[in-house]
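See structure below.
What follows is calculated from the coordinates using simple rules that are stated; it is not laboratory data. Because the structure is a prediction, the values reported are computed rather than measured. Reconstructed Cβ throughout: ideal geometry from the backbone, glycine too, with neighbour counts over all protein chains shown.
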Amino acid sequence: MIQSIIFYIFAALSVLLAVLVILQKNVMHSVLYLSFTILAISGVFFTLHAEFLGAVQILVYAGGIIVLYLFVIIIVNLKEIKAEKRNIFPKFFIVCISVLFLAEMIYIFFKNRISVPANADFPEFEALFEMLLSKYLIPFEIASILLLAVLIGSIIIARRKLLHDSD
Amino acid sequence: MDYSLYLGQLKYLIPEAIVLVFALAAMIVHLFAKINGRRAAGILSIIGLVAAGISLIYSPLAAGEIYSETLSVDQFALYFKIIFLISGILAILLSFKFFDVEKSEPGEAYYLILLSIVGMMFAVSSVDFISFYVSFELFAILSYILAGIFKKDKRSAEAGVKYFILGTLSSALMVLGMAILVGVSGSTTYTEIAAMLADGNSKIELTGMLLLFSGLFFKLALAPFHMWTPDVYEGAPTPLVVFLSTAPKAAVFAVIIRMIYVMFGGFEMQWQIIFQVIAVITMFWGNIAALTQKNIKRMMAYSSIAHAGYIMMGLAAFGTKGNMAMMFYLFVYLFMNAAAFGLILLVQKNNGFGEYIDDMRGFARKSPLMAGGIIVLLLSLTGIPPTAGFMGKYFLFTAVVEKGMYVLAVIGALNSVISLFYYFQIGRAMFMEEAGVVEIIKDKSYYARSVITVSVIVILVIGILPGTLTKFASLSSLIK
């Protein structure tokens, strides 16, 4: 009982904070709210007994990605996002599509409750790591190629001087 | 599960390993090469692709699913791997010419192409959501980088950013869809999901499939998800557009065919009508928008949208016949696209390339043989015999007609007629108008010429003697 109350508090908090992220004019505030959102989501994971995911959420997202965002904001020197001027029709269209999608998801998830299959228990730490290096060995290796590719790509995109120019 | 088999199963992954090793070797060569010696990385990459092609012929096919049911190295995957390798070779050859003329050589493109081919090779043999998604992201992210790699041109940077932002959004939708499917079934393996889908509540699964297909259709530039295509194809460096418009599309079509065959075979009723509608909208949108284009790259972008629509008809046909037609068409389309974009690399204008139809004026006077080849290419793109494009469309239309979708076949034929108008604007500019305007790039390299020549010969040979490819494609289209 207490557990589900905590779960709903965290869930509501994460939605609320996520909405606040996109409503901010100041980018720094946005990032701050984003880090709170991530902490709230990790709270959701903890109440669901997915301790590993919760810890990863804090370590990787709050610890790594948010810091990265802050660096980008400092480097690019973004201060304030100016609202893009759109006509009323595209605005209306975008809002309609989003609301429709939300309504559809809510309807579907409440109409057919997902019954989690019995064998889908969240694995223990050890089992998880064992799976990563046994069943999912190939994806694990491909992920390392992916990281290499992304590393090269970000260097290409970010560097100022064109190294390949002859002049 | 017996993990001791893993080492022995490595023998099925030799082609992938060869491409990867050559990519890393090219990376190191590129790192240490002098400014003018970067070409070595490209040559090494081509050698790697050829070696992988040879090893594909000799490497064994796995009878079942390997690596704990995450990969399936079958004939179906083999067919697409050949397409990726050829696409990579043609794109690198055209890049040599492009970088020579632009006098700027981002040599990273060579090994990034190889790495993205590794991703595609794994994606087409994946039978598990996790291995599929990781390899999908590998080639997806690399295609954003490849589109924006030519930083000398501002349009290329714009193309890269646009492609990246829209592409990640579509990937996010796709992951949400996969998460729903995995949540419902409790497994990531295609076969186990298929078993759970057979007796579930269907609405939530349809939502998951819808999101999954949306993400995949974005990569294919099908009609409601095609907005990025003209800008990206116009901005990205021409030889890399050859790669981006053929190999990732073939990979995604392969993934969809496998998913439908293994997982969603029972949902024919729900999806057939949607696939038909998408095919019709895509064909009309692509062909009609191409009519007004003056820039050949932009026109070919819309034309590639239209061609994705034709190939989509094969998907709507739901079956081995349709799959075979799609695979045949994807193979042929590879050569058609390479030759069409190669044409742009032949014509000079203000120290750059002539990208507009008007720049082609008098081409036939200057280079009659090439012009003749281009006419064959245009016939093939339109779908007129005796070219491979005709055979491809013939198989697609018969697959559709056999399923009783006569209207779709008629619309497809009608669209071929529409496409005749804009393809032959190029032909008219080359033959009819006065000579002296066009300036054909004169240099010692024959990269673009040889790519066009080989492509045109392949188009003609497949058009006249389609037997071998037909047999190979229909053999490969039987998954297991």
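Values as computed for the structure displayed
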read-out	value
Cα centroid separation, region B:115-129 to region B:208-233 (Å)	19
Greater than 23 Å apart at Cα, pairs in B:LYS219/B:LYS403; A:LYS135/B:LYS11; A:LYS25/B:LYS219	B:LYS219/B:LYS403; A:LYS25/B:LYS219
Estimated distance in nm for a label pair at A:LEU148 and A:LEU132, the labels positioned 7 Å out from Cα along Cα-to-Cβ	2.0
Global size of chain B as Cα Rg and Dmax, reported in angstrom	21.5, 72
At R0 = 45 Å, FRET efficiency that the Cβ-Cβ distance of A:LYS25 and B:VAL407 yields, to 0.05	0.30
Projected label distance in nm at A:ALA55 and B:LYS294, using a 7 Å step from Cα toward the beta-carbon	6.3
Calculated log₁₀ intensity ratio I(q)/I(0) where the Debye formula runs over C-alpha points of region B:120-217, q = 0.17, 0.19, 0.21, 0.22 Å⁻¹	-0.77, -0.89, -1.01, -1.07
Convex hull volume of chain A per residue (C-alpha atoms, cubic angstrom)	205
Range of Cα positions in the protein assembly as shown per principal axis (Å), largest first	84, 58, 58
Given charges at beta-carbon only (K, R positive; D, E negative), |dipole| of the protein assembly as shown in Debye	1920
Value of relative contact order over chain B, rounded to a whole percent, pairs C-alpha under 8 Å and six or more apart	15
Charge dipole (region B:267-480, unit charges on Cβ, about Cα centre) - positive-most of B:ALA308, B:LEU475, B:VAL277	B:LEU475
Of B:VAL347, B:ALA247, A:ILE75, farthest towards positive along the dipole that unit charges on Lys, Arg, Asp, Glu beta carbons give the protein assembly as shown	B:VAL347
Computed lengthening from B:GLN9 to B:LEU475, 0.36 nm per intervening residue step minus Cα-Cα distance	165.4 nm
Equivalent ellipsoid dimensions for region B:278-414 as semi-axes, Å, which come from the Cα gyration tensor, largest first	30, 15, 11
Tensor-based shape of region B:170-265 (alpha-carbon gyration tensor, a/c under 1.5 rounded, otherwise prolate or oblate)	prolate
For B:ILE440, residues with placed amide H under 5 Å, excluding near neighbours	B:GLN348
Span-like helix ranges in chain A, DSSP H, alpha carbon extent 27 angstrom or more, Kyte mean at least 0.0	A:2-23, A:27-47, A:88-111, A:137-158
